[in-house]
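The values are calculated or read from the model by the stated rules, or taken from the named source; none is laboratory data. A quick note: this is a predicted structure, and the numbers were derived from the prediction, not measured. Positions of Cβ are backbone-derived with ideal geometry, glycine not excepted, and every protein chain shown enters the neighbour counts.
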């Protein structure tokens with residue numbers, strides 16, 4: 001695989017992680033319309049927040065894959081600023097749209113119906129500017145309530161990782177030069193361990209400032225895992241074996257969730273978070289593997305799903321919030337009937353449609369527009385020869401190019 005080329009299997013993983021988070025937030029509705037199926041899937045659905053951990057590791061991996069050679073050998077302020085602008089062009093447009101949609105929804109509920117929003121105190125000028133510049137999470141120990149659009153907390157966390165990336169890639173580049181691929185994988189797994197250790201010590205994955213080691217260490221783990229993959233030179237047979245090995249590893253993740261749900265640890269309420277340690281080796285296997293699961297994740301449908309996953313992730317909680325208000329406003333009760341199932345399916349479909357629209361109408365056009373701002377070609381020198389009517393003529397000295 002060419003260095004810097006898209007690893008399609010990892011793009012496909014993005015939609016898996018996004019859907020996991022969406023179903024996590026929608027699970028109360030799923031319980032109402034399909035209680036038996038939802039109970040059977042409860043160990044997976046209840047741990048859907050770990051889809052964000054998967055996103056953090058993926059982000060560190062993919063950015064390192066793309067910028068290892070460009071930013072790793074030596075520090076460049078220009079290259080770092082260019083990187084930050086390109087990252088901003090990727091996340092900021094959709095982020096801004098959903099931020100203001102959340103504000104418009106609050107304004108709507110303040111003026112329509114008899115069900116006001118629960119708390120409008122976070123919607124103030126200071127909070128707005130923190131939201132605008134992606135730093136709202138940095139001032140709060142808990143991510144709940146930090147962002148006007150709920151999932152945006154993770155984008156604030158990612159922005160911190162982006163700001164640290166210029167220094168991180170220098171370290172990872174040098175560690176990679178002195179370390180074998182197998183040891184780099186072990187280092188990556190070790191880097192993903194601190195959030196799990198803190199969870200085991202505290203008993204919960206959601207504790208004050210727990211978001212900070214999650215983003216910093218998991219992002220770093222992804223970067224180290226990528227450095228390991230870049231050093232590997234596997235035969236076709238080894239790549240196929242890696243692809244097949246990813247299947248039992250996924251089964252182990254799912255089996256672990258069910259095991260810890262049935263056999264919870266005495267002092268840990270979120271023991272399913274232990275399976276986060278399997279995400280790094282899974283990313284490595286999917287990145288180098290061929291056939292089987294990597295091939296499935298590389299299909300056109302799942303790759304497209306990965307492309308729209310950011311929009312889906314950012315908009316789904318707005319759909320969920322609007323539905324909760326509608327239920328209270330009109331006293332709607334979901335039942336396990338065909339109409340109830342159709343309603344929940346429609347809400348999920350509406351979220352997916354929102355993700356599609358955000359990708360095609362906002363994300364991609366705005367990204368290309370912002371990229372053009374920093375990809376400007378230098379202007380022609382003042383005395384450059386220009387071909388006019390088949391002849392070459394020099395621009396007269398002292399005459400403005402705008403004269404006449």
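Search the range 191-206 for residues being touching a helix residue (DSSP H, G or I) at 6+ places or on another chain (Cβ under 7 Å) and outside any helix (DSSP H, G or I), and hand back the single one that is surrounded by the fewest Cβ atoms within 10 Å (Cβ to Cβ).
First, pick out the residues of the range 191-206 that are touching a helix residue (DSSP H, G or I) at 6+ places or on another chain (Cβ under 7 Å): 191-196, 198-199, 205.
Filter once more, so that each one left must be outside any helix (DSSP H, G or I): 192, 205.
On the way: 192: 28, 205: 23.
Only one residue tops the list, namely 205.
Among all residue pairs at least 6 apart or on different chains, which show Cβ distances below 7 Å where the first residue, located in the range 108-125, is within 10 Å of residue 325 (Cα to Cα) and the second is assigned to a loop (DSSP other than H, G, I, E, B)?
Partner pairs satisfying both residue conditions: 109/115; 109/116; 109/117.
Any idea how many residues of the range 207-237 are more than 22 Å from the chain's Cα centre (by Cα), part of a helix (DSSP H, G or I) and free of Cβ contacts under 8 Å to residues at least 40 places away in the same chain?
Matching residues across the range 207-237 total 1.
Okay, residues lined up against (1) assigned to a helix (DSSP H, G or I); (2) surrounded by fewer than 20 Cβ atoms within 10 Å (Cβ to Cβ); (3) in contact (Cβ under 8 Å) with a residue 40 or more places away in the chain:
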site: 157; (1), (2), (3): yes, no, yes
site: 160; (1), (2), (3): yes, yes, yes
site: 163; (1), (2), (3): yes, yes, yes
site: 186; (1), (2), (3): yes, yes, no
site: 189; (1), (2), (3): yes, yes, yes
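This table checks each residue for (1) surrounded by 18 or more Cβ atoms within 10 Å (Cβ to Cβ); (2) modelled with pLDDT under 95; (3) on the phi > 0 side of the Ramachandran plot; (4) assigned to a helix (DSSP H, G or I).
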site: 294; (1), (2), (3), (4): yes, no, no, yes
site: 305; (1), (2), (3), (4): yes, no, no, yes
site: 309; (1), (2), (3), (4): yes, no, no, yes
site: 318; (1), (2), (3), (4): yes, no, no, yes
site: 328; (1), (2), (3), (4): no, yes, no, yes
site: 333; (1), (2), (3), (4): no, yes, no, no
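For the range 269-292, give me the residue count where each residue is more than 21 Å from residue 56 (Cβ to Cβ) and surrounded by 24 or more Cβ atoms within 10 Å (Cβ to Cβ). Full working, then the answer.
Of the residues in the range 269-292, the ones more than 21 Å from residue 56 (Cβ to Cβ) are 269, 289-292.
Filter once more, so that each one left must be surrounded by 24 or more Cβ atoms within 10 Å (Cβ to Cβ): 289.
Result for the range 269-292: 1.
Just one of the numbered conditions (1) over 17 Å from residue 318 (Cβ atoms); (2) crowded, with 18+ Cβ neighbours inside 10 Å is not true of residue 171; which one?
Failed condition: (2).
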